[in-house]
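This report concerns only the one structure given below.
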Amino acid sequence: MTLEDASQVYCISQEIRCIKKELWDLEAGRKYYKPNVLSDMPKGKGAYSNMTDDFLERQGELEDMLRYSLQKLQEERKRFEEFLASVDDAEIRLILRLRCVNNMCWEDIGASLGMDRRTASRKFYNFFKVARNAHSICGNI
């Protein structure tokens, strides 16, 4: 598994968080009333827009995006869990889990492991660097 593959779980989780926030903002900004405009003038062709229909359409789009992202997250998480089972070093496995699955920032990872944030990130990136180099060497044999 490459760094990009491992980062997919993290990125999809961030995407889900953004979609949920957008849904919440949409609901919070929803106006449950429509001001009455008293006029004998016709609305005009194509100028009428139903706010409820627009809201429901956007809400449906966001919910579809959320369902798709959740399904994709489950697939990627399953692949990542299989990959984690193959990692021998417990500390690296914990760093990978905290970063990719639990979506923790480097400061929190470092604090929970009793190390500096830079140390945790270096171990994370060095693991993939060594794995990539080992793969390229074995691939040339």
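The values are calculated or read from the model by the stated rules, or taken from the named source; none is laboratory data. Since the structure is predicted, the reported quantities are computational estimates derived from the model, not experimental observations. Side chains are part of the model used for accessible areas, which takes the heavy atoms of the whole protein and leaves out ligands, DNA and RNA. Shrake-Rupley method; radii C 1.70, N 1.55, O 1.52, S 1.80 Å.
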Among the residues of region 27-38, is any modelled with pLDDT of 70 or more and open to solvent by 80 Å² or more (accessible area, probe 1.4 Å)? no
Can you go through LEU113, LEU23, LEU73, LEU96 and tell me which one is more than 30 Å from ALA131 (Cα to Cα), open to solvent by less than 70 Å² (accessible area, probe 1.4 Å) and at pLDDT 90 or above? LEU23
